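Asker: Before I ask anything, let me first share the structure, which is written out below as structure tokens.
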Amino acid sequence: MTPVYFLLVDDLEENLLSLEALLRREGLELLKARSGDEALELLLRHEVALALVDVQMPGLNGFELAELMRGNDRTRRIPIIFLTAGAADAQRRFRGYEAGAVDFIYKPIEADILRSKADVFFELHRQRQQLADQRDALEAQAQALQQADRRKDEFLATLAHELRNPLAPLRHGLDLLQSNHEASKNAEILGVMDRQLFHLVRLIDDLLDVSRITQGKIVLRKERLELLTFIRSALETSRPLIEAAGHELTLELPETTLWLEADLTRLAQIISNLLNNAVKYTPDGGHIRLSVKADGQQAVISVADNGVGIPQHMLASVFELFAQVDQHLERAKGGLGIGLALVQQLVVLHGGKVIVESEGCGKGSTFTLTVPLATSPAPAANPSLAATAQPPATKAALKVLVVDDTQEVAQTTGWMLEELGHEYRLVNDGHLALEAAHAYQPDVILLDIGLPGMSGYDVCRALRQDAALKDITIIAQTGWGQERDKASAREAGFDHHMVKPVGLKALGEMMEDVAAAKSAASNPQPS
Ligand code: ADP
């Protein structure tokens, strides 16, 4: 505990020494000043609980010192006990009280009186200190709660965003199936819906898993299996993603057969989570290495990529629930920040551990998990979709450029536009959007906000600054639907803001409005 400071001011050394001897106690530090000036200096350096001041001193006397103390914010409230020889007359006492005295002690000093008075101030100060400590602790608690609350709000906003992403193509697909659309597309539309529904279920499963693990409700169904069975199962899930992103995958597998006593679904889930992250956090056309080996009684499985890497200060926290390195806009690829928390908890349930290494931003990441010996690889089909579609040659009322980094959202939006009789072109990133806007000269741009590299806001601002393009109707089509997101969109120059999933009907109405406004602008009514 910090000591309590008393200030003793007396010009005579022997008085100071005898005061010191009388007052000494544990937790009390006595500061001794031989003049008023020295006292002022000490007052500046210490937080003093009580000043015991001799009235009669050469130079600055006790009363003058007290008056100076009262004139200063830092020292104004320090209680002062004057030490004075003989009973002071009423006038002197009055001056003393006016100068800030709380008491007078007369010389020769009675030890008991001095001690009992000093004790009161000592205890008072201690209580104040305790109250201040309690207040600091409460403030820290309140801050921690506020931070947790903010994290929860951010998580909920991210969750809503992440749920909308797969919902959008589902809505689009359903709308198309219910309309009189071209039946030859049925199989493709159903394929999209099927995959998106799978994502949605996966997302919700992860959420439920986190909550189950936290409550200790997950029970592993362990079985003795060849390690390669686990790797094969994980690769079945992740390979389509790896291929769609054009990543090269290197497998380093052991020559001998290794066995694990583990839960097939869970261990495969762990490995495919790490692989999916490697895909997500590595620019297209990257390199992912999955290696498996035995090290004594342990299986060591590592997933390395040459992607965006992880800054040093985040290495320790990426396994925490909801921890994400970047702001959501730049992150663009989505996610809830629960995948790695889940990985870590599942690995621990298997009696293993997982670590991450990265040389820093842009230098790739390596996740290595160690489990007591027994895991699996195998391919699946690649569902890649064309980035651009052929616009229908006939009766296109509007030319629409669709910009969305989720290909399936872009594609189903395109199909809906086609269904509505419009012409469209699709691009998947912000820079391409600017190029395509020049080449294609669209009437309308449907622009996603969270794009990699250049956000939708930046694209919109760039379009508005380009004389040749500034009259295009720009509509935000985004998963971010809070009021402040709409305000940001307006500020960036968007004409309209639509929250995903945008259904066929809403899209049709919006396009009709835009077409009507365009024709009104090109055929103004005579006034
Ligand atoms: P999510 O991917 O949903 O955000 P995760 O829990 O899987 O959540 O990952 C937490 C964070 O760790 C990610 O947001 C990302 O910033 C970082 N991260 C995970 N894997 C990698 C990787 N292979 N390379 C770079 N960063 C990664």
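Asker: Using the crude model of +1 on Lys and Arg Cβ and -1 on Asp and Glu Cβ, and no other charge, please compute the dipole size for segment 223-372 relative to its Cα centre, in debye to 20.
Answerer: Charge dipole of segment 223-372: 180 debye, to the nearest 20.
Asker: Do the sum for the chain: with -39,500 (n - 2.57) for every DSSP H run of n ≥ 4, divided by all residues, what is the mean residue ellipticity at 222 nm, to the nearest 500 deg cm²/dmol?
Answerer: So the helix-based figure for the chain works out to -15500 deg cm²/dmol.
Asker: Tell me, what does the Kirkwood hydrodynamic radius of segment 4-109 come to in angstroms if you use every pair of distinct C-alpha atoms? Mind dumping the intermediate values first?
Answerer: Values: mean 1/r = 0.0736 Å⁻¹.
One decimal place: 13.6 Å for the Kirkwood radius.
Asker: In addition: Can you give me the angle between helix 36-45 and the longest principal axis of the chain, using Cα atoms only, in degrees from 0 to 90, rounded to the nearest 10?
Answerer: The angle comes out near 20 degrees.
Asker: Could you give me the ³J(HN,Hα) list for segment 165-177, computed from phi with Karplus coefficients 6.51, -1.76, 1.60 and θ = phi - 60°, whole Hz, x at Gly and Pro?
Answerer: Computed from phi, the couplings for segment 165-177 are 4, x, 5, 4, x, 5, 4, 4, x, 4, 4, 5, 5 Hz.
Asker: Say each of T265 and R25 gets a label point 7 Å from the Cα, pointing the same way as Cα to Cβ; how far apart are those two points in nm?
Answerer: 6.9 nm
Asker: Turning to a different aspect of this structure: Would you mind checking the tilt of helix 264-280 against the longest principal axis of the Cα atoms of the chain, expressed as 0 to 90 degrees and rounded to 10?
Answerer: 90 degrees
Asker: Follow-up question, since we're still on this one. Set the Förster radius R0 to 22 Å, insert the Cβ-Cβ distance between I105 and D136 as r into 1/(1 + (r/R0)^6), and round the FRET efficiency to 0.05.
Answerer: E(calc), rounded to 0.05, equals 0.05.
Asker: How much length is gained on full extension from R195 to L174, taking 0.36 nm per residue of separation minus their Cα-Cα distance?
Answerer: Working: separation 21, 0.36 × 21 = 7.56 nm, distance 1.37 nm.
Full-extension gain reported as 6.2 nm.
Asker: Further question on the same structure: Quick one: of K152/K293; K222/K363; K222/K293; K280/K470, which pairs are farther than 30 Å apart, Cα to Cα? Each step should come with its number before you reach the end.
Answerer: Numbers: K152/K293 39 Å; K222/K363 36 Å; K222/K293 21 Å; K280/K470 34 Å.
Cα-Cα > 30 Å for K152/K293; K222/K363; K280/K470; rest within.
Asker: Place a +1 charge on the Cβ of each Lys and Arg in the chain and a -1 charge on the Cβ of each Asp and Glu, then give the dipole magnitude about the Cα centre in debye, rounded to the nearest 20.
Answerer: Details: 53 positive and 73 negative charges, 157 e Å.
Dipole size: approximately 760 debye.
Asker: Continuing with this model, one more query. Under the Kirkwood approximation for Rh and a Cα-based Rg, what ratio Rg/Rh is obtained for segment 392-518?
Answerer: The Rg/Rh ratio comes out at 0.92.
Asker: Sticking with this one: With θ taken as phi - 60° and the coefficients 6.51, -1.76 and 1.60, list the Karplus ³J(HN,Hα) couplings across segment 122-129 in order, rounded to whole Hz; mark glycine and proline as x.
Answerer: Taking θ as phi minus 60°, the curve returns 4, 5, 4, 5, 4, 4, 4, 4 Hz for segment 122-129.
Asker: Sticking with this structure for a sec: So what's the net charge close to V4: Lys and Arg +1, Asp and Glu -1, counting the other residues with Cβ under 13 Å from its Cβ?
Answerer: -1
Asker: Now a separate question. Can you sort E26, E418, E435 from fewest to most other Cβ atoms within 10 Å of each residue's own Cβ?
Answerer: E26, E435, E418
Asker: Roughly what % antiparallel, to the nearest 5, for the DSSP beta bridges in the chain?
Answerer: 40 percent
Asker: Find the relative contact order for the chain and round it to a whole percent, using C-alpha pairs within less than 8 Å whose residues are 6+ positions apart.
Answerer: On the way: 887 pairs, mean separation 58.1, N = 527.
Over the chain, the number comes to 11 percent.
Asker: What is the calculated FRET efficiency for E483 to K293, with r their C-beta to C-beta distance and R₀ = 45 Å, to the nearest 0.05?
Answerer: 0.25
Asker: Per 0.36 nm of contour for each residue apart, how much would the distance between L220 and R202 grow if the chain were fully extended, relative to their Cα-Cα spacing?
Answerer: Value of the extension gain: 4.6 nm.
Asker: Moving on. Tell me, in nm to one decimal, what length is gained between Q129 and E359 on full extension, where the rule is 0.36 nm per residue of separation less the Cα-Cα distance?
Answerer: On the way: separation 230, 0.36 × 230 = 82.80 nm, distance 4.60 nm.
Gain in length upon complete extension: 78.2 nm.
Asker: What would the Debye formula give as log10 I(q)/I(0) at q = 0.13 Å⁻¹ for the alpha-carbon point model of the chain, no solvent?
Answerer: So the normalised log intensities work out to -1.20.
Asker: Sequence-distant or interchain residues sharing an amide H contact under 5 Å with A299, placed H: which?
Answerer: It is V371, L373, A374, by chain and number.
Asker: Assuming R0 = 60 Å, what is the FRET efficiency of F94 and Q146, from their Cβ-Cβ distance, to the nearest 0.05?
Answerer: Here the calculated transfer efficiency is 0.70.
Asker: Collect residues whose amide H, placed 1.01 Å from N in the peptide plane, falls under 5 Å from the amide H of I445; neighbours closer than 5 in sequence don't count.
Answerer: Residues meeting the criterion, in which the H sits 1.01 Å from N, are L401, T473, I474, I475.
Asker: Starting from the exponent 0.38 and prefactor 2.2 Å, build the expected Rg for segment 223-372 from its residue count and divide its actual Cα Rg by it.
Answerer: Cα-based Rg divided by the globular estimate yields 0.99.
Asker: Tell me the relative contact order for segment 4-109 as a rounded percent, counting alpha carbon contacts under 8 Å between residues six or more apart.
Answerer: Taking the mean separation of contacting Cα pairs over the length of segment 4-109, I get 25 percent.
Asker: Further question on the same structure: Relative to the longest principal axis of the C-alpha atoms of the chain, give the angle of the C-alpha long axis of helix 483-492, reported between 0 and 90° and rounded to the nearest 10°.
Answerer: Its long axis makes an angle of about 70 degrees.
Asker: Calculate how large, on average over all directions, the projected area of the Cα convex hull of segment 61-179 is; give the answer in nm² to one decimal.
Answerer: The orientation-averaged projected area of the Cα hull of segment 61-179 comes to 13.3 nm².
Asker: Please order I445, I109, I355, I189 by the number of other Cβ within 10 Å, starting at the fewest. Don't skip to the answer; put the middle values down first.
Answerer: Numbers: I445 28, I109 16, I355 13, I189 21.
By the 10 Å Cβ count, ascending, the order reads I355, I109, I189, I445.
Just so you know, all these numbers are worked out from the coordinates, no wet-lab data involved. Values in this document were obtained by computation on a predicted structure and should not be read as measured data. With ideal geometry, Cβ positions are generated from the backbone for all residues, glycine too; neighbour counts draw on all protein chains shown.
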